[in-house]
Amino acid sequence: MEHTEPHSTEPEMANRQGAAQRPNGAQGKICQFKLVLLGESAVGKSSLVLRFVKGQFHEYQESTIGAAFLTQTVCLDDTTVKFEIWDTAGQERYHSLAPMYYRGAQAAIVVYDITNQDTFGRAKTWVKELQRQASPTIVIALAGNKQDLANKRMVEYEEAQTYAEENGLLFMETSAKTALNVNDIFLAIAKKLPKYDQNQGQSGQGQGRRLAEGDQGAKTPGNCCK
Amino acid sequence: MTLSVFVNPELQFSATTFFAKQHKGETCGANGLPLTPNSIILFGKAQFLKTLKNPYLCEYLDIIRGKHERTIVVSQFCGKPLSEYLGKKIFSDSDIIKIAFQLLTALSVLHKNKIVHRNLSTESILVQNSGDIKLFNYGFHYMTNNGQLVSFPIIKLSYAAPEIYLSPLKSHIANSKMDIWSVGIILVELILNKSLWSSLKLSQKIRKILSFYQCGTSVFEKIAREHNCFDVYQNLSAELKHIIEQCLQIDPRSRPTCEDLLKNEIFKEFKVVQRNNPSKVCEKYQIFTLKELYHWWKLAGGDIILELKKQGLIRSSPPILSMPCLVMLDGTVLGQGRNPATLYESKIVQMSLDTLYQRFKHIHLNFCYPLLHCKSDIIAAFDPPHYDTKALPLIIKEKDPEYQFHRIILFRRLLHGYPYTRDMIRKEVEKDIPPLLRGEIWAALLDIQPDYEEIYAMIDKETVTTTDRQIEVDIPRCHQYNELLSSSEGHIKLRRILKAWVHQNTQYVYWQGLDSLTAPFLYLNFNDEAKAFACLSEFVPKYVHKFFLKDNSAVIKEYLAKFSQLIAYHDPELANHLCDINFYPELFAIPWFLTVFSHVFPLYKILHVWDNLLSGDSSFPLHIGLSVLTQLRSKLLTAGFNDCILLFSDLPEVDIEKSINYSNDTFKNTPRSITTREHQNEEYYKTTEYDISGVTLNDLTRERCPRISATDVVDMIRNTPEKILLVDIRNPLQYSRCSVRNSINIPCSSVTYGEHSIENLGQYAQILKNSGDKIVIVIGSTDTDLELFPKFLLNCNIKKVCVLHGGFNILISVTPTVLVSQKFEA
Ligand SMILES: Nc1nc2c(ncn2[C@@H]2O[C@H](COP(=O)(O)OP(=O)(O)OP(=O)(O)O)[C@@H](O)[C@H]2O)c(=O)[nH]1
Ligand SMILES: [Mg+2]
């Protein structure tokens, strides 16, 4: 399936953050980030999202066709970070849909399955593609999933870590099943997202935009700031 | 008075129960997935037993899973065990020969199907009033995967062949020659008219049987002597003696097979010519089968589990008593052991049919023979009672025993006459489909090839291909809440069907989702893989033609564009809102249409949706999609992009019956050409030169309102002029020269498009505002802009706006008779 991006009207999407009133009246930032999950089929992308968003694990998680969308909010110090997560289909055939989801994403988690060497190879291909095609400021994390099956491991931790270091990626081994490092990897991404570098520049650098609800300015998947 | 067709001594069934082996702790299989519970494996394996039909075999009806790996087997059960006659009745030689013949015939059917009884005894042979026998519980060893799925031994001590005692404890072997030994023992018992070794203790019995290894002479003779019956042995006819001696050979290889034994002269008189079943879609005609009776029994309130509870076979103990004493960190549980004595219940619980008889008391014999072709007033008096099928909810209809009785009786007659009754089947299906016959009815609706079995048999389903990995990871994620599909048998079958399909359809490739598309067919035809495959093979070209092309992007995009147009056509307000928030079908509807909702709905919903789909064409899924949006309409209208898309991430409770009714309505009320596609399979559509064609994907995606064909328009001008509003947007000059009768003229150049206000149309505003349910057909010509005006109407929330494909001029060639010229009129 090849689909052109349906959102050509979308202006530059670097990072989007907006100040918002907290219910208690204190000033707190609410940032929204678009995050995309990529990786070979059945490595556990949907399972990671489900664990992160709902704290659940389904052994018989259905396969993903096209893509699925979920959101989850985490709190970091005085900032509320809202992730808008696109969980994509892993089968190679759906590849052509992927740009629609990673274009404009501020973060990506590339997932492989530590019990399957081929999926690691595929993850590397995704990383390359992101480095070439996605936003240059995109934060990429590499997740070696199914860590609970370490006794059937085919991809060594060190191998993946070295690769991640060479490419400037965040790296963790995760398990959607036992919840190991699942929240951590999302938090690590949240921390690394540029708002901390530019904390002061929120209003000055023109990158943060504040959109009132119902604002028609920019609506695309993942571009729905409130 | 209850009809005698229901009260038949052979139409009886019973239930038995036991526990499958529990996995210890939580262990994972090689793929990291938890091990499939043994009761599920067993459940899948046992399905095959339901297909065995033979006068000498009790029919398996159902396998039910209870709590904690409990398994309940429902099977035909009639007559009395042979064991009860032993010693009480004199068996003549000819009685014995007849029993031997029937027993061997039954076993040969089993052996041909690679089933070894291995648990054969006089208890599992049921003697009927007629004197014929039926073998019972013959699938126990088979369904437990040769005993591997249970933690108790399956053995009848006195009847077990000696090699069984010699084989290692957990070897789980089954050889058909073991049954032959048991046949020998049974025949000996009949001849001596007593059960063997009845006074011996367990260990003594085993020793006895093992001692045959040292016995140089005939085993039969030895047994006869030990039971003080040597005279009976001596006086026995030579043929019978020979048969028994052959059966009781110590070396299994020396024992003959059932087939060999049946060749014996003494069985000659029983041999009859067997007829093959000529019909493919339906089995040989009977008014109804035991399976159907069982189905009605359940609908009439029959509950197997409840009966077992009443009989004390299922006891519940307070949960506190089943708490483990100790749980180790690795998950090992100690001190919760189930009392091994309760693992297997030997009791057979016969089910009472009284409630059903009571319920069906008033059913007239005529109702068993519904008339299909001729009707007359006299005959009509015997028609089944009229049911207001439209008004009753599906769930009520499906649960009503009488209604299901009439439906099943009718459909099995129709299916029996298939393919000659094809049209009648289609007509009846519009009311509803009785769930019990759904598999057969679907196959008939899909017109599967009569030689589907041979076709399937010849397809390569084994050779390793590059798609294997994907299929392999998809199968354990495909509708796994369903017991059949999650069983090992289910996995194997699904894999074979998918591989066969990929092999057979070289123009296509495996897309994730094809697994879900196959699931309903496999579920309905679990014991007929070839039919499941045949259904899939007919379904794809009819409903998802070209969807599985390697590059399917143009096909899918066209389909999604048509979906957007259909929303705009029926619900402009929603369409406008979704468009405003950039909520495109591309983002959420691909799995809907690629898998015709089989990846988004649970099975029971898919079945009902497809019941209707199969009476429709490939545009039907668009209407289902629309009906889903309609159900969520109020939420969608107030939601922004995020909330909209979240709504679809896991499709919330969609009331499927509402959805179906709504889709049927819009499907009926939408002119066919509105949903015509370039990529639809022409084989299933009659086309004329006035149909829509030649629309590029670019045009299609740009046009927010659908086109309509001249054929449809002329048809409506002629037949339903009150339902249409023809808006001619050419300039007044052209209009006055020649126009469609009763059309109104709103020259498109005269409209100010700036604001979305219908008032811009001046004098005609009111007409359009009041167009209500009329189809608004915009007629232009080559030199008018055919997008701006319809889009304007759409933005003004005018419903059912469409554009005549080919413009005004096409009408001149189709049928000038609907045209008028104002000059003449005036
Ligand atoms: N043991 C173990 N199994 C996991 C883990 N994560 C996922 N799985 C299993 O792996 C299978 C695939 O997981 P999914 O989440 O569906 O994989 P996916 O990457 O979303 O696959 P696609 O949707 O096909 O792209 C499922 O059966 C999960 O139960 C994990 O951390 N440990
Ligand atoms: Mg997934």
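Being crowded, with 17+ Cβ neighbours inside 10 Å, under 36 Å from the mean Cα position of the chain (by Cα) and assigned by TED's automatic domain parsing to the domain that holds residue B:205 is a condition met by no residue of the stretch B:159-166. What are the residues in the stretch B:659-678 that are more than 21 Å from residue B:723 (Cα to Cα) and open to solvent by 40 Å² or more (accessible area, probe 1.4 Å), if any? Of everything in the stretch B:659-678, those that are more than 21 Å from residue B:723 (Cα to Cα) and open to solvent by 40 Å² or more (accessible area, probe 1.4 Å) turn out to be B:661, B:678.
Listed by position, the helices (runs of 4 or more DSSP H) contained in the stretch B:677-787 that have at least 2 residues being modelled with pLDDT of 90 or more are B:697-702, B:710-719, B:732-737. Just so you know, in the stretch B:210-234 the residues that are β-branched (Val, Ile, Thr) and not in a loop (DSSP other than H, G, I, E, B) include one that is surrounded by the most Cβ atoms within 10 Å (Cβ to Cβ), and it is B:223. Among residues of the stretch A:49-62 being more than 16 Å from residue A:86 (Cβ to Cβ) and without any contact (Cβ under 8 Å) to a residue 40 or more places away in the chain, the one that is farthest from ligand 1 (Cβ to nearest atom) is A:54. Residues that are open to solvent by less than 60 Å² (accessible area, probe 1.4 Å), part of a helix (DSSP H, G or I) and not hydrophobic (A, V, I, L, M, F, W, C) within the stretch B:414-471 comprise B:428, B:435, B:438, B:439, B:440, B:452, B:456, B:468, B:470, listed in sequence order.
Scanning the stretch B:744-790 for residues that are touching a strand residue (DSSP E or B) at 6+ places or on another chain (Cβ under 9 Å) and over 19 Å from residue B:713 (Cβ atoms) gives B:747, B:764.
Checking each residue in the stretch B:60-71 for being modelled with pLDDT of 95 or more and either crowded, with 21+ Cβ neighbours inside 10 Å or closer than 20 Å to residue B:182 by Cβ (or both) picks out B:60, B:61, B:63, B:71.
Counting the residues of the stretch B:167-209 that are over 46 Å from the mean Cα position of the chain (by Cα) and not in a helix (DSSP H, G or I) gives 8.
Condition check ((1) out of contact with any Leu (no Cβ under 6 Å at 6 or more places or on another chain); (2) more than 17 Å from residue B:541 (Cβ to Cβ)) across all residues:
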position: B:415; (1), (2): yes, yes
position: B:440; (1), (2): no, yes
position: B:447; (1), (2): yes, no
position: B:461; (1), (2): yes, yes
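Could you tell me whether any residue of the stretch B:569-584 is modelled with pLDDT of 95 or more and touching a Pro at 6+ places or on another chain (Cβ under 7 Å)? Yes; the residues of the stretch B:569-584 include at least one that is modelled with pLDDT of 95 or more and touching a Pro at 6+ places or on another chain (Cβ under 7 Å). Could you please let me know if residue B:622 is touching a helix residue (DSSP H, G or I) at 6+ places or on another chain (Cβ under 8 Å) and under 17 Å from residue B:660 (Cα atoms)? Spelling it out, residue B:622 is indeed touching a helix residue (DSSP H, G or I) at 6+ places or on another chain (Cβ under 8 Å) and under 17 Å from residue B:660 (Cα atoms).
The set of residues in the stretch B:480-490 being more than 8 Å from chain A (Cβ to nearest Cβ), farther than 13 Å from residue B:65 by Cα and either open to solvent by less than 20 Å² (accessible area, probe 1.4 Å) or in contact with a Cys (Cβ under 7 Å, 6 or more places away or on another chain) (or both) consists of B:485, B:490.
Each row is one residue, and each column tells you yes or no for (1) within 14 Å of chain B (Cβ to nearest Cβ); (2) within 10 Å of ligand 2 (Cβ to nearest atom).
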| site | (1), (2) |
| --- | --- |
| A:57 | yes, no |
| A:69 | yes, no |
| A:73 | yes, no |
| A:78 | no, no |
| A:88 | yes, yes |
| A:108 | no, no |
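Of the residues making up the stretch A:26-43, those that are part of a loop (DSSP other than H, G, I, E, B) and either away from ligand 1 (no atom under 13 Å from the Cβ) or open to solvent by 10 Å² or more (accessible area, probe 1.4 Å) (or both) are A:26, A:40, A:42. Candidates are the residues of the stretch A:124-145 that are within 11 Å of ligand 1 (Cβ to nearest atom) and in contact (Cβ under 8 Å) with a residue 60 or more places away in the chain; the one that is farthest from residue A:43 (Cα to Cα) is A:143. For the stretch B:522-531, does any single residue satisfy the condition of being within 14 Å of chain A (Cβ to nearest Cβ) and assigned to a helix (DSSP H, G or I)? No, because not a single residue in the stretch B:522-531 is within 14 Å of chain A (Cβ to nearest Cβ) and assigned to a helix (DSSP H, G or I). Residues of the stretch B:532-555 that are within 14 Å of chain A (Cβ to nearest Cβ) and farther than 17 Å from residue A:96 by Cα: B:544, B:546. Inspect all residues belonging to the stretch B:507-516 and state whether any of them is within 14 Å of another protein chain (Cβ to nearest Cβ), closer than 30 Å to residue B:67 by Cβ and either buried (at least 21 other Cβ atoms within 10 Å of the Cβ) or acidic (Asp, Glu) (or both). Yes, the conditions are met somewhere in the stretch B:507-516. Determine, yes or no, whether residue A:118 is open to solvent by less than 20 Å² (accessible area, probe 1.4 Å), within 13 Å of another protein chain (Cβ to nearest Cβ) and acidic (Asp, Glu). Criteria not met by residue A:118. Do you know which of the residues in the stretch A:44-55 that are part of a helix (DSSP H, G or I) and open to solvent by 40 Å² or more (accessible area, probe 1.4 Å) is farthest from ligand 2 (Cβ to nearest atom)? Selected residue: A:54.
Within the stretch A:96-104, identify whether any single residue is open to solvent by 10 Å² or more (accessible area, probe 1.4 Å), within 14 Å of chain B (Cβ to nearest Cβ), outside any helix (DSSP H, G or I) and closer than 17 Å to residue A:34 by Cα, and answer yes or no. Yes, some residue in the stretch A:96-104 is open to solvent by 10 Å² or more (accessible area, probe 1.4 Å), within 14 Å of chain B (Cβ to nearest Cβ), outside any helix (DSSP H, G or I) and closer than 17 Å to residue A:34 by Cα. Restricted to helices (runs of 4 or more DSSP H) entirely inside the stretch B:556-595, those with at least 3 residues that are more than 20 Å from residue B:620 (Cβ to Cβ) and either without any contact (Cβ under 8 Å) to a residue 12 or more places away in the chain or within 14 Å of chain A (Cβ to nearest Cβ) (or both) are B:572-580.
Only one of the numbered conditions (1) over 28 Å from residue B:313 (Cα atoms); (2) open to solvent by 40 Å² or more (accessible area, probe 1.4 Å) is violated by residue B:51, and that is (1). Is it the case that residue B:464 is more than 16 Å from ligand 1 (Cβ to nearest atom), touching a residue at least 24 places away in the same chain (Cβ under 8 Å) and over 28 Å from residue B:432 (Cα atoms)? For residue B:464, the condition - more than 16 Å from ligand 1 (Cβ to nearest atom), touching a residue at least 24 places away in the same chain (Cβ under 8 Å) and over 28 Å from residue B:432 (Cα atoms) - is not met.
The values are calculated or read from the model by the stated rules, or taken from the named source; none is laboratory data. Note that the structure is a prediction, hence the values are computed from the model and not measured. We place every Cβ from the backbone using ideal geometry, glycine too, and count neighbours over all the protein chains shown. Surface areas here come from the heavy atoms of the whole protein model, side chains and all, with no ligands, DNA or RNA. Shrake-Rupley method; radii C 1.70, N 1.55, O 1.52, S 1.80 Å.
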